[in-house]
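Coordinate-derived values only; no laboratory data. Predicted model only: the values in this text are computed from it and were never measured.
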Amino acid sequence: MSETLPEPIDPETAPKVAPSAPRPLSLRGRAFKALALSPEPPLPEWLAGLDAALKRSPTLLKGRAVILDCAQLKPEPDALETLMRELKARGIAVLGIEGADVVGEGLPPLLVKGQPSEKVEIPSPAEPAPQVVTSITVEGSVRSGQSVINPTGDVTVMGSVSSGAEILAGGSIHVYGALRGRAIAGAARNPRARIYCRKFEPELLGIDRLVRTAEDMGTALRGKAAQVWLDGGNIRMASLD
C-alpha cells in the first residue's frame, strides 16, 4: 500500500501566526519583620559586646532576618566590608544595610525608610532572672551515655559516674562512688562550687567556665577520694583522705 506524503510547506505562502503579547512583569511590595543591628564606635568594643550577648543567648540571631543599621557608625566602604566579614564569621547573615551613604559591590542592598518595631531584650548577666535553687539526688549510678543536668543547684550521685556519662550542676557535685565520666559544677556562674568524689578517675572536670581534661590532671589522685575547687581562677585538686 502506497502512502501519500504531505506537500512541503512554503514559508513564503504559509499563514502567519501573530506572536502572543508578553505577559506583564508583576512586582509587589512586601513587608517583613527583621532585627536591626546598630553598630557603634569604637567597633572592636561593639563586637566584643555582640560576642558576649551571643554567648548568653546563642540562638538570639540564629535563623533571623537581620538588617545592619549603620546610622551611628557611618563606615567607609572598606570598613563596611570588614564589618560584614566579622558578622559572617559569627554566623550572622545580613539581608540589607540601612543608614549607609555608599554600599560597595558584593554587599547587601541599601534599604531606606525602615520602620521600628518591638525591641528584643538580650539577657544581661548583671540582672539575671531569679531562679529557684534546687538539689537532686541520683539513687544509684549514672551509666555511660547518660546525662544528669541540674542548672540551679547541686547534684548528688549515690553510686558511680561511668565513663561516657556526664553530670552538670549549677552548684556542687557529690559522687559517693567512682567518678569516671565528666563532671561540670558551677554552671550557673558559681565559682564557689566544688566537686567531691570517693574515687577520682574523671575524663573531664569543670567549674564555672574552666575545665581540665584527664591528660592535664596527672595520676597523683587517681583512685583516691578527692575534691576539686577554684582558687584564684585556677582549678585545684586535693585528696580527702
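Where strands (runs of 3 or more DSSP E) sit wholly within the stretch 143-241, those with at least 3 residues that are under 22 Å from residue 55 (Cα atoms) and of a type outside the set (Ser, Thr, Tyr) occupy 166-169, 182-185, 204-207, 210-213. Considering the stretch 46-90, and only residues there that are within 10 Å of the chain's Cα centre (by Cα) and in a loop (DSSP other than H, G, I, E, B), the residue that is nearest to residue 34 (Cα to Cα) turns out to be 61.
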